[in-house]
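None of the figures in this text is laboratory data; all of them are computed from the coordinates on show. All values reported here derive from a predicted model rather than from experimental measurement. Don't worry about glycine lacking a Cβ; one is built from the backbone with ideal geometry, like all the others, and counts go over all protein chains shown.
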């Protein structure tokens, strides 16, 4: 589970960089709607990167195989949800919007898997 802590910390650093990039480099370049999309991506990215770090701490206390599934779901959710929103904010193809909910569902499933894993331990 140490790998999820490392991945979460690195993804959190990337989320902070993405948020700063949006606030400083994109403010004058994107419409208010696209900037809001970027900010949503950065917020969810950061929250779920921190969840990966939390997952590593939880796994040290309550080891459970389901925690690994939760970690991979968080990772997939960050990449799919955040990635598609970042791309849409930068003018990516609109069909990416149809993929975004898959990332959101992955994040929801990750939280449920985390809850079930801890409840069963």
Note down the nm distance, to one decimal, between modelled labels 7 Å out along Cα→Cβ at residue 109 and at residue 23.
-> 3.4
Residue 95 paired with residue 2, simple spin-label distance in nm, labels 7 Å along Cα-to-beta-carbon = 4.3
Hey, what number do you get for the chain at 222 nm if only DSSP H runs of n ≥ 4 count, each worth -39500 (n - 2.57), divided across all residues, to the nearest 500?
-> -26500 deg cm²/dmol
Would you kindly state how much longer the chain becomes between residue 79 and residue 57 on full extension, computed as 0.36 nm times their sequence separation minus their alpha carbon distance, in nm to one decimal?
-> 5.7 nm
Compactness summary of the chain: radius of gyration and Dmax from Cα atoms, Å, are 15.2, 50
Where labels lie 7 Å past Cα in the beta-carbon direction, separation of residue 121 and residue 72 in nm = 1.9
Zone reached by a paramagnetic label modelled 7 Å from residue 33 Cα along Cα→Cβ, restricted to region 78-111 with backbone N below 19 Å, covers 84-101
Degrees between helix 65-77 axis and first principal axis of the chain (Cα, 0 to 90, nearest 10) | 0
